[in-house]
1. I'd like the full set of residues that are surrounded by fewer than 18 Cβ atoms within 10 Å (Cβ to Cβ), of a type in the set (Asp, Glu) and touching a residue at least 12 places away in the same chain (Cβ under 8 Å), limited to region 226-264.
2. Given the residues 156, 128, 166, which is the only one that is among the aliphatic types (A, V, I, L, M) and in contact with a Lys or Arg (Cβ under 8 Å, 6 or more places away or on another chain)?
3. Quick one: count up the residues across region 239-260 that are under 21 Å from the mean Cα position of the chain (by Cα), hydroxyl-bearing (Ser, Thr, Tyr) and part of a helix (DSSP H, G or I).
4. Of all residues in region 463-486, which are open to solvent by 60 Å² or more (accessible area, probe 1.4 Å) and in a loop (DSSP other than H, G, I, E, B)?
5. Take the conditions modelled with pLDDT of 90 or more, over 29 Å from the mean Cα position of the chain (by Cα) and more than 22 Å from residue 245 (Cβ to Cβ) and apply them to residue 119. Does it pass?
6. For region 492-508, does any single residue satisfy the condition of being among the hydrophobic types (A, V, I, L, M, F, W, C), without any contact (Cβ under 8 Å) to a residue 40 or more places away in the chain and within 19 Å of residue 415 (Cα to Cα)?
7. Please count how many residues of region 89-103 are in contact (Cβ under 8 Å) with a residue 24 or more places away in the chain, of a type outside the set (Lys, Arg) and out of contact with any Gly (no Cβ under 8 Å at 6 or more places or on another chain).
8. Mind listing whichever residues of region 227-247 are among the aliphatic types (A, V, I, L, M) and touching a Lys or Arg at 6+ places or on another chain (Cβ under 8 Å)?
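The values are calculated or read from the model by the stated rules, or taken from the named source; none is laboratory data. Only a predicted model underlies this, so the values are computations on that prediction, with no experimental measurement involved. Here Cβ is always computed from backbone atoms with ideal geometry, including for glycine, and neighbour counts include all displayed protein chains. SASA here: full protein model, heavy atoms, side chains in, ligands and nucleic acids out. Shrake-Rupley method; radii C 1.70, N 1.55, O 1.52, S 1.80 Å.
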Amino acid sequence: MAKESAVLDFCQRFRTIQAQRETSDTLIKDLILYCERIETSLKSENLRLAKQVEDTKLDLADSIQSRRELQKRIEIFENEYARISQEHELFKSRNPYVTILIDGDGLIFQEQYVRQGIEGGKRAAYALRAAVADACSDFDPEIEISAKVVANLTGLARAMARDGCLDTPSDLKDFTLGFTQAKASFDFIDVGYGKERADSKIRENTRWHLQNQNCRQILLGISHDAGYAPFLDEILRDETTRRRVSVLEGVPPVRELVATGVHIFKIEEHLFRSDKLIDRTVNNGTHLSSSSTTAATTTKKTTTTTTTTTTNGAKATSPHTASATPFQPTLTPPLSTHAASPFSSYSTMAQKAAAKPASPPPQITIPLAPRSASAGTRKQPAAQQPKWNPGPRGLDKPIAVNQTVLEVVRKRKDNNKLCNNHFLRGPCAKGDSCTFVHHYRPTQDELDAIAWLSRLNPCTSGQDCEADDCIYGHHCPHMKDDVCAHPYCKFPVDAHPPGTKFKNPHIDKNF
């Protein structure tokens, strides 16, 4: 029994050793397989890293080359920039200049210069240049100075004559010639009639010079006109521009300009007037109208009823079988009291009062046209004429119209409308291309209606119109009791009597 037990024990011990050996073999096999997988993975990673290192070396070499090229280009650009900056500074300092822009409608030279004609103009130009050169010496001792004065010379001459500071218009003309001849860069420009012509030139020239870096300073002779305040607010938006723009003082600056904060430059040489032009003739009593020079009206025999049109637009009819009675000379009524106050500028005064007071329309005697089929309706009396003097052309002669005929003519629209130019001034220049009616024979009442309707449109030349056959209106025909009754009146403010009340809230936009 003991021997059998020993054998079994050996067998058991053998099985145990054999199981351990199998386990060791399995472990070794698993280790070998694992090492193979790790080796394969490491080989793949090494290959990837080796390729990445190679690419990095290439990128590094390319970056070094690019950096060197970039450094060379930066050096070239820096040199070019330095050259351009130097040239720019050279150009900015090569031709520095100061420009003077004067609105001659209100900034007026002193009387002693104007009366001297050409010589006075040259003296004024030299004095202006010397004063500005002294004030701007900090910029450059050799800085160039240019000046441009824009004005309506015709209106200015009339206004100055009424103020008493000018004897004849030729003196002002000679003065402007002398001012222009004094320096090549000095100009005195006549812009003619127009409310905004001088203003627009001042504004556009200012904008142009502000864009020019060579312009060191802009002196604006606009101290009299509050209408420039919005323009100054527009351009004075940064400190650089604010330092380059100043207002040249003649007349004390209006508060609207002072409120913009613009610098005010005053010349101490008393070159410009410090007061505004006024109409001194108003204080000299009434003026004889030009109709007083007429001894009598033309006599004419007629057996028809005649219509006498008076200066206020009223008419009277009476049987006429003898020669017309000559009318007596009349006096022009004095202007309203506030018309004698100083005007904001000579152009306003020239538009509101001409050099010679125009007379009211003379009394005329004309035969009535044959009564037409629609003559059963009374003719509408001409609109009441204002008792004032609108300017050199004077008041338009009143036109009496047949109300019924007027409504018929007014209702014609588009292509059926009668051509004003064709029937009032002769054959229409457009001929067959005109869109209005030409082939028609209007009655006298219809011609009067056409003329009356044409007067509702303001003449573009206003009181400066010299056309004898002008068919348009030269002052507002809608006046009644110091009120402009038309809610959409097309006439400018100065085509109305002083102190007029307006129903058109936008009347100030008409010019």
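1. Across region 226-264, the qualifying residues are 233, 256.
2. 166
3. The number of residues fulfilling the criteria is 1.
4. 466, 468, 469, 472, 481, 482, 486
5. Considered against the rule, which asks whether it is modelled with pLDDT of 90 or more, over 29 Å from the mean Cα position of the chain (by Cα) and more than 22 Å from residue 245 (Cβ to Cβ), residue 119 comes out as yes.
6. Scanning region 492-508 turns up no residue that is among the hydrophobic types (A, V, I, L, M, F, W, C), without any contact (Cβ under 8 Å) to a residue 40 or more places away in the chain and within 19 Å of residue 415 (Cα to Cα).
7. 7
8. Hits for region 227-247 are 235, 236.
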